[in-house]
Every structure is written in structure tokens, then in C-alpha cells.
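Visitor: A single structure is presented below for examination.
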Ligand SMILES: [Fe+2]
């Protein structure tokens with residue numbers, strides 16, 4: 001997929017086409033729809049129409065086929081929606097194919113559209129007509145964590161609803177690499193250097209037995225790395241999450257099969273949203 005877009009970019013840059021370049025320049029801004037869509041989405045949108053024809057006219061090969069007649073537009077997947085209740089499934093903060101090839105659209109269709117949706121629906125159903133009804137999600141998580149002998153199902157589903165929303169926002173196209181700004185200094189103070197920090201985070205993610213999460217958190221004084229099992233979440237114990245990686249198999253199995261470490265390394269090298277983590281760190285630190 002990546003090569004496909006590189007090929008198109010090269011073609012546009014090398015040959016030029018008023019139709020294609022004009023179309024891209026009009027939408028190749030930081031955000032097309034306010035959700036951070038960029039050049040790739042702009043090119044995707046153009047492929048179904050004039051772009052394919054224009055590329056053919058200047059002798060450039062399209063990404064896959066050079067038919068004179070463009071293929072019919074692909075039907076959009078229906079937007080997943082929660083059933084009735086106070087909580088809804090948030091949209092992804094990027095297009096569902098924006099993290100390809102590191103996390104595929106197919107994984108998102110199940111992970112966001114089925115698993116996350118299921119946790120939201122279960123939370124709405126389980127809290128109806130209980131003392132949790134009318135409370136915000138974080139309060140429900142903290143209170144059900146205290147009463148988890150009786151309210152384990154509510155905690156599990158409410159925490160998974162929260163954790164997944166946090167996870168989507170922990171990722172960003174073109175992210176990854178070393179954190180910068182104040183967070184970089186805090187990491188260095190605690191771990192010595194980024195490599196040691198990364199190694200510790202990978203070990204926490206890989207070492208979490210069964211399903212769970214790896215987290216970078218602020219404990220009120222310093223940066224910490226921790227893992228939680230199943231639906232465990234740092235907000236239940238008063239810590240401030242800065243970044244998380246879902247290490248349930250449903251998060252990576254379609255793309256990486258059993259290679260959890262490869263998936264975690266892809267997240268850290270290409271997707272981690274350290275800019276947001278830094279903002280959360282500064283807000284928590286005060
Ligand atoms: Fe998940």
C-alpha cells in the first residue's frame with residue numbers, strides 16, 4: 001500500500017498534471033475534515049475519478065491498473081454505532097486505513113467496530129437502572145473497581161471502553177520514534193535514555209501474560225511503565241495514563257499473528273503519539 005502511494009507521488013512530482021496537482025493542492029492541507037487526514041487520503045479520494053484518467057494521459061502508470069474506465073467507487077463500511085445508552089462509540093481520530101501497514105484497516109474493522117463497540121454496548125446495558133446510571137465513565141470505573149467482587153462485569157466493560165478510546169488516541173499516522181520536549185527529559189531522568197525506556201516498555205508489553213495493556217503513566221512524581229491484565233487501567237489506581245499499547249491478541253493477530261513484540265515495536269517506531277503524551281504529562285504535572 002505504501003509503495004502504491006509513493007508511486008503516485010513520484011508520478012505527480014515527475015510528470016505533473018494540472019488536474020491532479022490542482023486537486024491535491026486544494027486538499028493537501030493539514031486536515032481535510034478536521035481529523036488529521038492528509039495527502040494519502042487526498043490521493044485516495046482522487047483515484048476514483050479524474051486522477052486515474054489524468055495519470056494515464058501523461059503516461060504514468062496507476063498504482064495497480066491503468067484502465068481507461070475507473071473502477072466503481074468502493075462501498076463505504078457502515079459507521080458502527082452503539083445501541084441506546086449514555087455512552088457511544090467514538091470515531092477513530094484518523095481514517096481506518098491511515099496506520100497501514102502497521103495496523104491494517106481489517107484490524108480496525110474488528111477492533112474498533114466490533115470489540116470496542118461491544119464494550120460500549122455492554123457498559124450501557126449493565127449500568128442501566130443501577131447506582132452507576134448517570135455517572136461519568138471514569139467515576140464508574142473507579143467505583144466499580146472498589147466493588148469489583150460484585151461489579152466485575154461493569155468494571156471490565158467500562159474500563160475497556162475507556163482503555164480503547166485512550167489507545168486510539170495514543171496512535172497517530174507518522175508518529176513513533178523518540179519523545180521530545182518535557183516528556184523526553186522526564187524519561188531520561190528516570191530511565192537514563194530512550195533506548196532503556198523503550199526496552200523496558202517492550203518487556204512490559206511482551207511479558208504481560210495473556211491479555212492486557214502496557215502503559216506509560218505519571219504517578220504524581222515521575223514517569224513509570226506498567227502493565228495491566230485484562231481490563232486493568234491506571235485510572236482505577238489514581239495514576240495518570242500518558243500512552244498505552246493494547247496487547248490483547250485481537251489488537252495484533254490479523255497483522256502479526258503471534259509476533260507481539262513486532263507489533264509493539266511497530267507502534268513505538270511508527271505510531272506512538274508522543275506529542276499527546278507530552279501534553280498529558282504537562283497537564284498532570286501542573
Ligand atoms: Fe483491544
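A short reminder: the numbers here are calculations on the coordinates, not readings from a lab. Keep in mind that this is a model prediction, so the values were computed, not measured. Neighbour counts are summed over all protein chains in view; Cβ atoms, including those assigned to glycine, are modelled from backbone coordinates with ideal geometry.
Visitor: Taking Cα centroids, how far is the range 240-266 from the range 144-159 in Å?
Guide: Spelled out, the Cα-based centre of one part sits 24 Å from the other.
Visitor: Provide the packing ranking of 189-197, 256-264, 227-235, i.e. peptides ordered by the mean count of other C-beta atoms within 10 Å per residue, highest first. Could the numbers behind the result be given before it?
Guide: Numbers: 189-197: 13.8, 256-264: 16.4, 227-235: 20.0.
Listed from highest to lowest mean packing, they are 227-235, 256-264, 189-197.
Visitor: Okay, moving on. In whole Å, how far is the Cα centre of the range 179-203 from that of the range 214-233?
Guide: So the two Cα centres are separated by 14 Å.
Visitor: If N is the number of residues in the range 181-285, what value comes out of its Cα radius of gyration divided by 2.2 N^0.38 Å? It would help to have the intermediate numbers written out before the result.
Guide: On the way: Rg = 13.3 Å, N = 105, 2.2 N^0.38 = 12.9 Å.
That works out to 1.03 for the range 181-285.
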